[in-house]
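These notes concern the structure reproduced below.
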């Protein structure tokens, strides 16, 4: 795995799937997308940004965030109902 030199003289591993979470909090997703948390919640509420609920937590799959960035609009997943 390629390593990068940190400013403190140590080495850092390049980010990859093993070190990046596949589920993000709404706050993390908003930060990565460069939008406000309130707008992120609105996108989730309208289904534009698909999310999942684990217990009381609402999480955004990284793939949903990437699709939103690429296409601007993410279609909600079909539930087969």
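Worth pointing out:
- Selection from segment 45-67 of residues that are assigned to a helix (DSSP H, G or I) and over 14 Å from the mean Cα position of the chain (by Cα): 45, 46
- Segment 29-38, residues that are over 14 Å from residue 72 (Cα atoms) and surrounded by fewer than 17 Cβ atoms within 10 Å (Cβ to Cβ): 31, 32, 36, 37, 38
- Looking only at residues in segment 6-25 that are outside any strand (DSSP E or B) and under 16 Å from residue 66 (Cβ atoms), the one that is modelled with the highest pLDDT is 22.
- Cβ-Cβ distances below 7 Å connect the following pairs, each with a first residue in segment 39-64 that is over 14 Å from residue 28 (Cα atoms), a second residue that is in a helix (DSSP H, G or I), and a separation of six or more residues or different chains: 50/64.
The values are calculated or read from the model by the stated rules, or taken from the named source; none is laboratory data. Model, not experiment: these values are computed from the prediction. Note that we place each Cβ from the backbone using ideal geometry, even for glycine, and neighbour counts take in every protein chain shown.
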